[in-house]
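First the structure, in the form of structure tokens, and then the observations on it.
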Amino acid sequence: MTDTIFALSTAAGRAGIAVIRISGPNAGTVLRGLTGEALPPPRQAHLTTLWKADTGDALDRGLALWFPGPGSFTGEDVVELHIHGGVAVVTAVLGAIGELPGTRMAEPGEFTRRSFMNDKMDLTGAEGLADLINAETEGQRRQALHQASGALGAVYEAWRTRLMRALAHAEAVIDFPDEELPEDAFDAMTHEISALERELSQHIDDNRNGERLRAGLDIAIVGPPNAGKSSLLNMLAGRDAAIVSETAGTTRDVIEVRMDLGGIAATLSDTAGIRAADEAVEAEGVRRARQRALEADLRIVVFDGSGELWEADDAYTASQTITVLNKSDRGTASAPFPAGDQGVYRLSVKQGDGVDAFVEGLTASAKILCDVGDAPVITRARHREALGDCRDALRRALDATLPELMAEDLRLGMRALGRITGRFDVEDLLDIVFRDFCIGK
Ligand SMILES: Nc1nc2c(ncn2[C@@H]2O[C@H](COP(=O)(O)OP(=O)(O)O)[C@@H](O)[C@H]2O)c(=O)[nH]1
Ligand SMILES: [Mg+2]
């Protein structure tokens, strides 16, 4: 028999309330054992006392909810206990549950895993749920909620169903070559496959905005020494994360700060000032700075706009670059600076002049890089890889010279989509074959 699993579902530590979840065939027995009462009406909060079965000690007083399967989160019988969120209370109740027959502590992710196994959600839904729990910003929350509610899985499932239909037609051509098939059936099939290929391509060529929104935007602050890079990072972070000093070459390693840019999660990194350094540690810092600059989604290149020297560098001229000419409080140099494609901002970190406009521009650029529109988008490399495999298979299917080869590629394409949602079932195919074609009965 399946184990009945249990775990503390709220964060550990002191809190007003803690929720313990129990799922499995013995969940109802566990609840009866803890309360000494009959099961409460389903899906209704029921105030009760929890007892330790062997000693008859009262453990806590709280709410019990009974969700009989399959209409529960996991699809199994589920019990939720809302108890007081004290360390000793939680330990005692967990201990009492563990002593009841057929129960054990849940593994990480096991409730959601059971939910998937019982067809309550597909893999994209499970991933969406994990993202929702991890979401730190509005943008992440919105995207994760969309995915957790099944919007992305529905897109892939719809494609898979269409592919399955095309495959069923190809199989029919193979299995029953002499039968009366509609004349333009083959044309209709290739037409459908190229339509699918186009839709998939559009979905894949999304500039990776969804993945960026989920993982957070990578923003690198680079520039020559002493321009005010560390000061800018501290200002954006709202705290003294990096050391600011008038000594050039102070920042040597990369310093990272997480921040929320108008709903978009971003990792901001401060780097060593780029110059020809002859000391080994600083030289390594400069190498890391250039690497960060090249790998970042967005660059903020900071110069001392009041006139200190700078040398040209590849790190300053990439696309997706915002140029900051700092120290405007000290005047304006006449020397030209390279202009980033995302705008040039003259400001003073020290005095605050021009900072608002810069932050506004930075947020606008970040939003464009993470703009996902309304349609569900790819949020993980795992999806992208499988979608790429599916697209390749469709392209091969369109070039195939024999129906057998076409069918094989369609099958591979379907399997690739099935990998994303975790659904692949030969029975589905048989159903369609036998529903659409009553050949020979
Ligand atoms: N006058 C003026 N000085 C600034 C401004 N921003 C930073 N500084 C000073 O410039 C020096 C170098 O700053 P820092 O942030 O360490 O530069 P980094 O080397 O680019 O990281 C420090 O003495 C800062 O106080 C500014 O807007 N105006
Ligand atoms: Mg610095």
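The values are calculated or read from the model by the stated rules, or taken from the named source; none is laboratory data. Quantities reported herein were computed from a predicted structural model and do not represent experimental measurements. All Cβ positions, glycine included, derive from the backbone under ideal geometry; neighbour counts span all protein chains shown.
Considering the conditions (1) touching a helix residue (DSSP H, G or I) at 6+ places or on another chain (Cβ under 6 Å); (2) in contact (Cβ under 8 Å) with a residue 40 or more places away in the chain, VAL324 is excluded by exactly one of them, (1).
Taking (1) in a helix (DSSP H, G or I); (2) within 16 Å of ligand 2 (Cβ to nearest atom); (3) not polar (S, T, N, Q) in turn, PRO224 satisfies each apart from (1). The residue list ALA58, ALA11, ALA88 contains one member that is under 21 Å from THR112 (Cα atoms), surrounded by fewer than 16 Cβ atoms within 10 Å (Cβ to Cβ) and aliphatic (A, V, I, L, M), which is ALA11. When the residues of region 264-289 are filtered to those that are part of a strand (DSSP E or B) and among the hydroxyl-bearing types (Ser, Thr, Tyr), the one that is farthest from the chain's Cα centre (by Cα) is SER269. What residue, among those in region 332-352 that are part of a loop (DSSP other than H, G, I, E, B) and in contact with a helix residue (DSSP H, G or I) (Cβ under 7 Å, 6 or more places away or on another chain), is nearest to ligand 2 (Cβ to nearest atom)? By that ranking, first place goes to VAL349. Take the residues of region 275-289 that are more than 27 Å from GLY354 (Cβ to Cβ) and of a type in the set (D, E, K, R): which is surrounded by the most Cβ atoms within 10 Å (Cβ to Cβ)? So, considering only residues that are more than 27 Å from GLY354 (Cβ to Cβ) and of a type in the set (D, E, K, R), the one surrounded by the most Cβ atoms within 10 Å (Cβ to Cβ) is GLU282.
Let me confirm something: among ASP240, ASP253, ASP329, which residue is within 14 Å of ligand 1 (Cβ to nearest atom), surrounded by fewer than 19 Cβ atoms within 10 Å (Cβ to Cβ) and in a helix (DSSP H, G or I)?
ASP329
Give region 305-326 a look and list any residue that's at pLDDT 95 or above, of a type outside the set (A, V, I, L, M, F, W, C) and either surrounded by 22 or more Cβ atoms within 10 Å (Cβ to Cβ) or within 16 Å of ligand 2 (Cβ to nearest atom) (or both), or say none. Matches in region 305-326: THR321, THR323, ASN326. Inspect all residues belonging to region 380-391 and state whether any of them is within 30 Å of the chain's Cα centre (by Cα), more than 23 Å from MET235 (Cα to Cα) and in a loop (DSSP other than H, G, I, E, B). Among the residues of region 380-391, at least one is within 30 Å of the chain's Cα centre (by Cα), more than 23 Å from MET235 (Cα to Cα) and in a loop (DSSP other than H, G, I, E, B), which makes the answer yes. Tell me yes or no: at least one residue of region 90-111 is in a helix (DSSP H, G or I) and under 30 Å from ARG419 (Cα atoms). Yes, there is a match, as at least one residue in region 90-111 is in a helix (DSSP H, G or I) and under 30 Å from ARG419 (Cα atoms).
Quick grid of which residues meet (1) over 30 Å from THR421 (Cα atoms); (2) touching a residue at least 60 places away in the same chain (Cβ under 8 Å); (3) surrounded by fewer than 20 Cβ atoms within 10 Å (Cβ to Cβ); (4) of a type in the set (Phe, Trp, Tyr):
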site: LEU347; (1), (2), (3), (4): yes, no, no, no
site: ASP353; (1), (2), (3), (4): yes, no, yes, no
site: LEU362; (1), (2), (3), (4): yes, yes, no, no
site: ASP371; (1), (2), (3), (4): no, yes, yes, no
site: ALA381; (1), (2), (3), (4): no, yes, yes, no
site: ARG384; (1), (2), (3), (4): no, yes, yes, no
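Here is a yes/no grid of residues against (1) out of contact with any helix residue (DSSP H, G or I) (no Cβ under 7 Å at 6 or more places or on another chain); (2) free of Cβ contacts under 8 Å to residues at least 60 places away in the same chain:
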{"residue": "GLY139", "(1), (2)": "no, no"}
{"residue": "GLN143", "(1), (2)": "no, no"}
{"residue": "HIS146", "(1), (2)": "yes, no"}
{"residue": "SER149", "(1), (2)": "yes, yes"}
{"residue": "LEU152", "(1), (2)": "no, no"}
{"residue": "ALA158", "(1), (2)": "yes, yes"}
{"residue": "ARG165", "(1), (2)": "no, no"}
